[in-house]
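Where a number appears in this text, it was derived from the coordinates with a stated rule and is not lab data. Computed from a predicted model, the values in this text were never measured in an experiment. Glycine also receives a Cβ, built like all others from the backbone with ideal geometry; neighbour counts cover every protein chain displayed.
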Amino acid sequence: MDAIYTDEHHIFRKTFRRFLMEEIVPFMNEWEEGALVPNEIWRKFGDYGFLCPWVDEKYGGLGVGFEYSVIMIEELGKAGVDIAVPLHSDVVSPYIAKYGCEEQKQKWLPKCVTGEVTLSIAMTEPNTGSDVASITTVARKEGQDYIINGQKVYISNGINSKLTLLACKTLTNVSPPHKGISLLLVEEGTKGFTKGKSMKKLGRKASEVCEYYFHDCRVPMSNLLGEENKGFTYLMSNLQQERLVQIIRSQAEAEAMLDMTMEYTKNRTAFGQSISKFQHNQFKLVEMATEIELGRVFVDEIVDSHLKGNTNEKRVAMAKWWITEMANRVAYHCMQLHGGIGYMEEYPLARRFRNVRMDTIAAGTTEIMKVILSKKLGL
Ligand SMILES: Cc1cc2nc3c(=O)[nH]c(=O)nc-3n(C[C@H](O)[C@H](O)[C@H](O)COP(=O)(O)OP(=O)(O)OC[C@H]3O[C@@H](n4cnc5c(N)ncnc54)[C@H](O)[C@@H]3O)c2cc1C
């Protein structure tokens, strides 16, 4: 990756890091307690040009490459900030840019860049998550409208978002069932669309999740994204970047936890010496450093291929399970090396320990990655 980054990238990284340290990090405890980021914060990200920087200049973006997103995801991970900016910028808005018609792009992308409109994606339902093809939320055609009925759950940025990308069935009696999935854009405030409260969860507390309810919710057919019944194909294609976002973040979190632990173990003494001088602890630190280094090489290679337009799905699946599991191993051992203080909420390790736990679940679980890989390896 070093070969890709120019002085401009380094300046951008420094500016974003300073923005996080000054405008975001000091408030994270407060937002975590409220399980919600104030809506105005999104405008702040937008004012500085930190939302959807890849969006074409004609829609108000900077028109830069995905590597600027990579920089932001890494810095968010290093700072331990869990606001759903990558979900908005790099997971959901690319659907609009890739599959939206010109009118949809003109209507939504400039507002996504400024933060006037923030986004969520609603796939998971109370009775189905990994098995996306089994969703039961239905959009029935009536005249020039769709009438939506169903329920979604764990929707990140669900409360703050003004627009959601909804996965639903427009055909219910088709085989295989994934051929009946379509993607609809549903605006907050649409009659028949209501949101539940921010759900209490183990980690990433400032990045709210909630339930969505659709009861005879009417949206015009012009809210269809791309072609009808092609939703599953769109989801599977864009999930690659979503997984990459998760991988980059987990890797950055693991690096930050190790840095923190190296520093701590050098300064903490027991039995008359730094705890980093005990051979057992040295071996633990060395093992983690090795795994993290392996992860870094793998992540950079996958990102590099993605930037060149050759996303390697097999490697993305491998990295999704291995890097996120590795970050959890690192979290476990770093906490052990901290002793009691690591378990205290006032110390940043505790939050990271909780945060990385979701990384092996969201954007496709470890097991689903292995299911994909079993097929890719011809098993
Ligand atoms: C914090 C958070 C944020 C989220 N944000 C969003 C969001 O914004 N939008 C959204 O739509 N969803 C979101 N999700 C949902 C997430 O994508 C799902 O939780 C995930 O896909 C798993 O689905 P599930 O919870 O229904 O588990 P299930 O699919 O019920 O799986 C339960 C267990 O069974 C295993 N399993 C399932 N199938 C197989 C199989 N074939 N072989 C082996 N094991 C299997 C799984 O790996 C898992 O261990 C979020 C979840 C979390 C925790």
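Remarks
- Between residue 297 and residue 140, the C-beta separation translates, for a Förster distance of 56 Å, into a calculated FRET efficiency of about 0.65.
- Across every direction, the projection of the convex hull enclosing the Cα atoms of region 336-379 has a mean area of 4.3 nm².
- Residue order, fewest to most surrounding Cβ atoms within 10 angstrom, among 146, 347: 347, 146
- With the Kirkwood sum run over all distinct C-alpha pairs, region 76-229 has a hydrodynamic radius of 15.9 Å.
- Once Rg and the Kirkwood radius are both taken over the C-alpha atoms of region 201-298, their ratio Rg/Rh works out to 1.25.
- For region 313-359, taking Cα atoms only, Rg and Dmax work out to 12.5, 41 Å respectively.
- When the chain is treated as a GNM with alpha-carbon contacts under 10 Å, the residue of 328, 267, 149 showing the greatest mean-square fluctuation is 267.
- Sparse-neighbour loop sites [chymotrypsin sites (Phe, Trp or Tyr not before Pro); region 192-272; at most 11 other C-beta within 10 Å; DSSP]: 271
- Hull-based mean projected area of the chain, where the convex hull spans the alpha carbons, in square nanometres: 19.8
- Residue among 205, 179, 197 with the largest mean-square fluctuation in a Gaussian network model of the chain, springs linking Cα atoms under 10 Å: 197
- Projecting the Cα atoms of 181, 327, 117 onto the dipole axis of the chain, where Lys and Arg carry +1 and Asp and Glu carry -1 at the beta carbon, places 181 farthest toward the positive end.
- Leading residue at positive end of dipole, region 268-379 (Cβ point charges), from 374, 302, 289: 374
- Within region 29-62, the chymotrypsin sites (Phe, Trp or Tyr not before Pro) that combine a DSSP coil assignment with at most 15 other C-beta atoms in a 10 angstrom radius are 48.
- The ellipsoid equivalent to the alpha-carbon distribution of region 133-211 has semi-axes of 26, 16, 9 angstrom, derived from the gyration tensor eigenvalues as √(5λ) and listed largest first.
- For the chain, the Cβ-based charge dipole about the Cα centre amounts to some 820 debye (Lys, Arg positive; Asp, Glu negative; other atoms uncharged).
- From the C-alpha gyration tensor of region 275-379, square roots of 5λ in Å: 30, 16, 13
- The ranking of 10, 88, 338 from fewest to most other beta carbons within 10 Å of each one's beta carbon is 10, 338, 88.
- Taking the fewest neighbouring Cβ atoms within 10 Å as the starting point, the ordered list for 102, 187, 208 is 102, 187, 208.
- Euclidean distance of C-alpha centroids, region 88-162 and region 279-302, integer Å: 37
- Across all Cα pairs in region 1-80, the calculated P(r) in 5 Å bins from zero up to the longest distance comes to 3, 13, 22, 26, 18, 10, 6, 2, 0 percent per bin.
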